[in-house]
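Participant: I have a structure here, written as structure tokens, and I will follow up with some questions on it.
Each reported figure results from applying straightforward, stated rules to the coordinates on display, with no laboratory input. These figures come from a predicted structure and were not determined experimentally. Virtual Cβ from ideal backbone geometry, glycine too; neighbours counted across all protein chains shown.
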Amino acid sequence: MSIRKEISEDNELYLWMNGKLIYKRWLNLGYSKVFDKMAYGRDTFVSIITDEDGKNRHRKKIFINGEFCETQLDFWDKYTEEIDKESAKNFGKNLDAFNDAITAQGPGYPGDSVIEIIGTEKLTKIFGKENFNFIIDLLTKANFVDLIIEKTTE
């Protein structure tokens, strides 16, 4: 499955799956449109995919906009708002806890999910380049996560 994301000069987010436009979000205005309802569940926050065994899986959509984060805690609060409440309750809201969540399915485990992160330049400033790259590397290596991340101009 090929997923491609683009943010236009007009601050519009486009999401393509296998070359087909499935989603558009007007980032300045805060609203969006789903073009391919077959790619999503009824609440549009669950992606339905077919795995290698031919079974349909429901993947939760987790969206984090770093532009609205002023501190690391803001990021962790946005993350825990998106995951299972029981798992979020015991999550430590730091890099060590996140490492445990992703590598050992500890508190804060997102489950089978599509995680989209935008505002990455601001998050890099908040966490520092090494720590933010650690977060991205963990999510990239996790086989239960499809990561969609905004490209930076670096």
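Participant: Could you work out [θ]222 nm for the chain from helices alone, using -39500 (n - 2.57) per DSSP H run of at least four and dividing by all its residues? Round to the nearest 500 deg cm²/dmol.
Facilitator: -9000 deg cm²/dmol
Participant: For semi-axes √(5λ) of the Cα gyration tensor in Å, several values are listed as (1) 24, 21, 14; (2) 24, 17, 15; (3) 30, 18, 14; flag the one computed from this structure.
Facilitator: Given (1) 24, 21, 14; (2) 24, 17, 15; (3) 30, 18, 14, the structure-derived one carries the label (1).
Participant: Let me ask something else about it. Could you check which residue among D77, D53, D112 shows the biggest mean-square fluctuation in a GNM of the chain with a 10 Å Cα cutoff?
Facilitator: D53
Participant: Could I ask something else about it? Sort the range 89-154 into rounded, prolate or oblate with this rule: let a ≥ b ≥ c be the square roots of the eigenvalues of the Cα gyration tensor; rounded if a/c is under 1.5, and if a/c is not under 1.5, prolate when a/b is larger than b/c, oblate otherwise.
Facilitator: Verdict is oblate for the range 89-154.
Participant: Pairs K60/K125; K5/K129; K55/K93: which exceed 24 Å Cα-Cα?
Facilitator: Pairs exceeding the cut-off: K60/K125; K55/K93.
Participant: Taking the Cα centre of the chain as origin and charging only Cβ (+1 Lys, Arg; -1 Asp, Glu), how large is the dipole, in debye to the nearest 20?
Facilitator: The dipole magnitude comes to about 460 debye.
Participant: For an R0 of 41 angstrom, estimate the FRET efficiency from the Cβ-Cβ distance between E70 and V34 and round to the nearest 0.05.
Facilitator: 0.85
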